[in-house]
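The values are calculated or read from the model by the stated rules, or taken from the named source; none is laboratory data. None of the values given here were measured: they were computed from a predicted structure. Cβ atoms come from the backbone with ideal geometry, glycine included; neighbour counts cover every protein chain shown. With ligands, DNA and RNA removed, areas are computed over all heavy atoms of the protein, side chains included. Shrake-Rupley method; radii C 1.70, N 1.55, O 1.52, S 1.80 Å.
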Amino acid sequence: MINRLLKNLDASTCNFLAVKTICLELEATGFTPLRQEDAWDILPGGKHYVVRNDSAVFAFVVGSGHPADHGFRIISAHSDSPCFKIKPNAEIYGDGGVVSLNVEKYGGVILYTWFDRPLSISGRVMTAGKNALHPETHLVDLRRPVATIPHLAIHFNRGVNEGNPLSVQKDMKPVMGYYSADEIADFKSKGGLVKVLVAAELGIKPEDILDYELCLYPAEPASLTGADGQYFQSARIDDLSMAFGAIEALTAESSHPCEATRIAAIFDNEETGSGTKQGAHSPVLRNIMERISLRLGGKENVLENFHRAVAHTFMISADDAHAWHPNYNEKYDPTNHPVIGGGPVVKINANCKYMTDAHGAAVFRSLCNEAGVKCQYFVNHADVAGGSTLGNILTSQLDIAGVDMGNAIWAMHSARETAGVSDHLDAVKLFRQFFK
């Protein structure tokens with residue numbers, strides 16, 4: 001399972017490719033796609049998935065019972081991770097023919113972890129389709145290092161180790177290479193070096209690219225580490241480890257009957273507040289649940305049936321947690337700091353940044369007991385403000401019961417994060433127990 005996770009992390013170099021990788025996993029286990037614009041023909045036991053914006057995916061197994069009586073069991077996670085997005089007209093031309101890129105940070109990037117790494121480019125490109133309202137989408141991944149962000153030598157900043165404020169606009173421009181005047185003129189005539197590289201990878205003309213959403217990603221592969229291989233390291237562990245864990249559990253349990261309808265909801269744009277059509281602040285999940293209820297509804301009152309289904313629903317909001325760091329004990333709550341290898345983590349906040357309450361935590365602990373896995377708690381240091389995640393955002397759309405949880409990881413939002421092998425295995429056991 002861990003080798004499969006590492007392979008999937010390497011394949012999922014951006015949100016679009018994460019969803020593509022998930023869809024391949026789903027199709028390999030008998031799930032069929034549905035489109036939002038089509039009428040749905042679904043039956044109990046049916047296995048389906050819906051993709052939104054190429055960057056969010058919602059997979060579900062229709063329960064043997066009606067949702068009004070048995071509700072939904074939902075695990076939510078997200079496909080996006082902090083990175084650098086490439087701006088339009090990105091090329092900056094400098095002395096000697098050097099070409100750098102104009103980028104913008106996406107989410108809460110730890111900037112200095114991106115210096116001096118081999119970087120590649122992935123994302124989606126749009127070309128003309130059947131008409132102006134339906135452009136064609138091409139997913140792309142260069143799969144080779146094409147840029148780096150070189151750090152300024154210590155000789156020019158002797159105080160770098162005493163603190164080093166960074167500007168994304170000034171300090172974080174990736175360098176692509178040095179080119180002749182003729183080469184630069186050719187790039188400019190074709191829309192820029194980025195379009196030239198991407199078009200060559202796709203086998204299209206640079207001039208055919210109408211627009212793009214491209215990001216930079218660290219090119220180092222995911223790997224095991226630790227004296228006994230007890231950790232795994234990769235970019236995008238937050239939150240793809242939880243997304244792939246949810247899909248692993250859903251596909252493994254999909255052939256086993258269950259009265260409740262089971263859903264793995266992988267949203268996009270959690271790192272920037274979820275306020276998009278494919279984010280948790282949108283009605284996309286609610287709409288899918290309503291359509292499932294409607295298709296199975298018979299002649300009863302459809303609206304009342306849906307509200308009954310919501311009342312029977314429970315959600316696990318799965319987004320990784322902060323592991324206790326042995327070098328920074330003072331940053332953590334003295335009695336609620338989870339450790340790597342200690343099992344899945346319940347996330348609690350008195351100011352309701354998480355959806356967890358006593359009921360949700362009790363359900364979660366019971367599931368852990370049934371699955372035979374350990375359980376930990378994360379609560380912020382009382383003098384430190386905490387962030388929020390999918391759970392409390394989704395409750396603005398659906399008044400469902402649930403719990404916020406995750407696995408404990410180091411260096412969240414770094415270019416390379418670290419997590420525990422045993423924790424991932426335990427999370428999948430827990431998710432499978434929930435989906436049984």
- Message: If I take R0 = 25 Å and measure r between the Cβ atoms of Asp186 and Ala132 in this structure, what FRET efficiency does the formula 1/(1 + (r/R0)^6) give, to the nearest 0.05?
- Response: 0.30
- Message: Can you tell me the orientation of helix 284-295 relative to the chain, as the angle in degrees between its alpha-carbon axis and the longest Cα principal axis, to the nearest 10?
- Response: 40 degrees
- Cα gyration tensor shape for region 195-267, rounded if a/c is under 1.5, else prolate or oblate: oblate
- Pairs Lys277/Lys347; Lys85/Lys347; Lys87/Lys195; Lys47/Lys130; Lys20/Lys47; Lys347/Lys374: which are spaced more than 20 Å apart, C-alpha to C-alpha? Lys277/Lys347; Lys85/Lys347; Lys47/Lys130
- Task: Evaluate the distance, in nm, between pseudo-label points positioned 7 Å from the Cα of Val384 and of Ser64 along their respective Cα→Cβ axes.
- Result: 4.7 nm
- Task: Would you mind checking which residues have amide H under 5 Å from Gly46's amide H? H placed 1.01 Å from N; only 5 or more apart, or other chain.
- Result: Val62
- Helix-only [θ] at 222 nm, the chain, -39500 (n - 2.57) per DSSP H run of 4+, per residue, nearest 500, equals -8500 deg cm²/dmol
- Message: I'd like the distance separating the alpha-carbon centroids of region 155-193 and region 372-436, in whole Å.
- Response: 37 Å
- Task: Could I have the simple spin-label model distance between Lys170 and Leu43, label points 7 Å from Cα toward Cβ, reported in nm to one decimal?
- Result: 6.6 nm
- Query: Can you give the FRET efficiency for Asn329 and Gln36, using 1/(1 + (r/R0)^6), R0 = 45 Å, r = Cβ-Cβ distance, to the nearest 0.05?
  - Reply: 0.40
- Rounded to a whole number, what % of the accessible area of the chain do carbon and sulfur atoms account for, probe 1.4 Å? 51 percent
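Excluding ligands, DNA and RNA, what is the solvent-accessible area per residue of region 96-193 at a probe of 1.4 Å, expressed in Å²?
Computed with neighbouring chains in place, this is 56 Å² per residue.
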- Cα axis of helix 421-435 to longest principal axis of the chain: angle in degrees, 0 to 90, nearest 10? 40 degrees
- Query: Roughly speaking, what is the centre-to-centre gap between region 278-333 and region 218-241 when only Cα atoms are used, to the nearest Å?
  - Reply: 28 Å
- One finds, for Val98 and Leu210 with R0 = 30 angstrom and r their Cβ-Cβ distance, a FRET efficiency to the nearest 0.05 of 0.60
